[in-house]
Amino acid sequence: MKISTTRKTSVARTVATTAALLLTVGALAACSNGAEKTGGSGGGSGSSSPDASAAQIGLLLPDSVTARYESADKPYFEAKIKELCPDCKVLYANADGDASKQQQQAESMLTQGVKVLVLDPFDGKAAAAIVGEAKAQKVPVIAYDRLINSGDLAYYISFDNEKVGELQATALVDKLKSDGVKPGDGGILMVNGSPTDNNASQFKAGAHKVIDSSGYKVLAEYDTPGWEPSKAQDWVAGQITQFDGKIKGVYAANDGTAGGAIASLKAAGVSPLPPVTGQDAELAGIQRILAGDQYMTVYKALKPEAEKAAELAISLTKGESPKGETTVKTADGAEVQSVLLTPVAVTVDTIESTVVKDGFYKASEICTANYAAACAKAGIK
């Protein structure tokens, strides 16, 4: 572009400003959906950096009622990002069980210029809109722990969720058989997870695969909105009245709903308590297992999950496209590059060899005064 020598100084300043803006837009446009090398800090209107060594990475988690998110996923993820990229910054938000709030949080992060979103959706269908907005700004999205119904995902990392349900149901059925409970003696309550959580449908499918072929009857089942323990508690209370004396086991999809179910059983004076399943190996769940209130939980090694998500996020900020270990299909049939980790069933006999051995909890965290005797009996030290 030629500028006449008769132009005023203000015009020169305008040209300089325009050139600077064009350079910034060019840097932002270089951030692809994991397919090209990148220089800026991603889509959105936030500040850019000359390379990926100071990228902003968004971490969006779904709720506050599930203890693992704040106590494990978030700190593990942040620590790994810091290890891999000391100058990178994690922008964090929790949706508190609100899909609209999560949408707003994601939009805010895009505006601030994140280069990657790691998204654990509260609602796997609604979150497809977040993936679409991110794609429009050339920001790749990793679906974390829960699958999002979008073919535009960069990656999905989770556990074999149908296997989780199978582990829970197998442990429950085997316990009923070992206790001498005959199929005609009563049945099982199924307290499933949230109807908006794709994982919950997979847990339920895996559990039904085992229970339906076991001979034990499902007395009733409930999809717990938002995984809320209080809602699980209220529902179980109603079932105790309806099926007085017939509840021989409770399939609870996670430790929170298990806690709600157990609270109802205790309040109704049910004794002995029927075996109750769980998931996530929450500290309260592990302690209930020691106390004999909860039969089992499923331990998912959250540190490897969070760390793998961090590794993928850093690779994406560099414009790399690492392959997943497998592919998983979304509800609409799109295939997504995926990493699926292996879940492990935990009973009182295996607490020491799983969550303690892996450093998920220290023995001192589990074996507080109220549980010291039970820990000694279980060999936890």
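Inspect the stretch 364-380 for any residue being of a type in the set (A, V, I, L, M, F, W, C), under 24 Å from the mean Cα position of the chain (by Cα), outside any helix (DSSP H, G or I) and not assigned by TED's automatic domain parsing to the domain that holds Tyr155 and give the result as yes or no.
No - not one qualifying residue is present in the stretch 364-380.
(1) assigned by TED's automatic domain parsing to the domain that holds Ala67; (2) of a type in the set (Ser, Thr, Tyr); (3) touching a Gly at 6+ places or on another chain (Cβ under 8 Å): which one isn't true of Thr326, the others all being true?
For Thr326, the failing item is (3).
When you check Lys329 against the structure, is it charged (D, E, K, R), in contact with a helix residue (DSSP H, G or I) (Cβ under 6 Å, 6 or more places away or on another chain) and at pLDDT below 95, yes or no?
Here the answer is no, as Lys329 does not meet what is asked.
Any residue in the stretch 74-81 that is farther than 12 Å from Ala306 by Cβ and aliphatic (A, V, I, L, M)?
No: zero hits.
What are the residues in the stretch 332-350 that are in contact with a helix residue (DSSP H, G or I) (Cβ under 6 Å, 6 or more places away or on another chain) and not in a strand (DSSP E or B), if any?
Pro343, Val348
Give the residue that is farthest from Pro86 (Cα to Cα), with candidates limited to residues of the stretch 315-328 that are touching a Leu at 6+ places or on another chain (Cβ under 9 Å) and not in a loop (DSSP other than H, G, I, E, B).
By that ranking, first place goes to Val328.
Determine if the stretch 143-158 includes at least one residue that is over 23 Å from Leu302 (Cα atoms) and of a type in the set (S, T, N, Q).
Within the stretch 143-158, one or more residues are over 23 Å from Leu302 (Cα atoms) and of a type in the set (S, T, N, Q).
Could you grab me the full set of residues in the stretch 47-88 that are basic (Lys, Arg) and closer than 19 Å to Ala143 by Cα?
Arg68, Lys74, Lys80
For the list (1) more than 20 Å from Phe203 (Cβ to Cβ); (2) free of Cβ contacts under 8 Å to residues at least 40 places away in the same chain; (3) charged (D, E, K, R), I need the number of the one condition that Lys329 fails.
Just one mismatch for Lys329, condition (1).
Which is surrounded by fewer than 24 Cβ atoms within 10 Å (Cβ to Cβ) and either without any contact (Cβ under 8 Å) to a residue 40 or more places away in the chain or at positive phi (or both), of Ala99, Ala93, Ala127, Ala67?
Only one candidate passes the filter, namely Ala93.
Taking Ala106, is it crowded, with 24+ Cβ neighbours inside 10 Å, in contact with a helix residue (DSSP H, G or I) (Cβ under 6 Å, 6 or more places away or on another chain), part of a helix (DSSP H, G or I) and at pLDDT 95 or above?
Judged against the criteria, Ala106 is a match.
Yes or no: the stretch 320-336 includes at least one residue that is crowded, with 19+ Cβ neighbours inside 10 Å, at negative phi, out of contact with any Phe, Trp or Tyr (no Cβ under 9 Å at 6 or more places or on another chain) and of a type outside the set (Asp, Glu).
No, the conditions are met nowhere in the stretch 320-336.
With respect to the numbered conditions (1) in a loop (DSSP other than H, G, I, E, B); (2) among the basic types (Lys, Arg); (3) more than 15 Å from the chain's Cα centre (by Cα), which one is the sole condition not fulfilled by Arg146?
Result: Arg146 passes all but (3).
Looking only at the stretch 308-324, decide whether some residue is under 28 Å from Val191 (Cα atoms) and in contact with a Ser or Thr (Cβ under 9 Å, 6 or more places away or on another chain).
No, because not a single residue in the stretch 308-324 is under 28 Å from Val191 (Cα atoms) and in contact with a Ser or Thr (Cβ under 9 Å, 6 or more places away or on another chain).
The values are calculated or read from the model by the stated rules, or taken from the named source; none is laboratory data. These numbers come from a predicted model, not from an experiment. Note that each Cβ is placed from the backbone with ideal geometry, even for glycine, and that neighbours are counted across all protein chains shown.
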